[in-house]
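First the structure, in the form of structure tokens, and then the observations on it.
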Amino acid sequence: MPKPHLPTPARILFGQRLRLAREALSLSQEGLAEQAGIHRTYVSQVESGKRNIAVDNMERLAAAVGKELWEMLRP
């Protein structure tokens, strides 16, 4: 029996969209981290889906790239 298709986990989706939004702004991970008040390695881990990010940090990073959190998580 085939496995049902599961939606992409929110942390993966958020990380992918964060990277796209950051690159569209020609912003480095370091620049984004500075704007959001978060460490650069944390941003790298979020973008790669390795970090289980808190909602508060999602909001900070989304705001730093000029997006609303719901835009970053919308399927």
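Tell me the Rg and the Dmax, in Å, that the Cα atoms of the chain produce.
Reported Rg and Dmax, both Å: 12.8, 48.
Given a 1.4 angstrom probe, I'd like the percentage of the accessible area of the chain that is carbon and sulfur, rounded to a whole number.
Ligands and nucleic acids excluded, carbon and sulfur reach 52 percent.
Place +1 on the Cβ of every Lys and Arg and -1 on the Cβ of every Asp and Glu in segment 6-75, take the dipole about the Cα centre, and give the residue among H39, T8, S26 whose Cα lies farthest towards its positive end.
So the residue we want is T8.
Given a 10 angstrom Cα cut-off, can you work out which residue in L27, L61, L18 is the most mobile in a GNM of the chain?
Among L27, L61, L18, the largest mean-square fluctuation in the Gaussian network model of the chain belongs to L27.
Which chymotrypsin sites (Phe, Trp or Tyr not before Pro) in the chain sit in a loop by DSSP (not H, G, I, E or B) and have at most 15 other Cβ atoms within 10 Å of their own Cβ? Could you put the intermediate results ahead of the total?
Details: sites: F14, Y42, W70; in loops: none.
Loop-located and lightly packed - none at all.
Taking the chain as a Gaussian network, Cα atoms linked when under 10 Å apart, which of G49, G15, G31 shows the biggest mean-square fluctuation?
G31
Cα centroids of segment 22-51 and segment 4-19: how far apart, whole angstrom?
Going from one Cα centre to the other spans 16 Å.
Using Cα-Cα distances under 8 Å and only pairs 6 or more residues apart, what relative contact order does the chain have, in percent?
It rounds to 37 percent for the chain.
The values are calculated or read from the model by the stated rules, or taken from the named source; none is laboratory data. A quick note: this is a predicted structure, and the numbers were derived from the prediction, not measured. Methodologically, a virtual Cβ is constructed for each residue, glycine included, from the backbone with ideal geometry; neighbour enumeration extends over all protein chains shown. Each accessible area value is taken on the protein alone, full model and side chains, heavy atoms only, with ligands, DNA and RNA left out. Shrake-Rupley method; radii C 1.70, N 1.55, O 1.52, S 1.80 Å.
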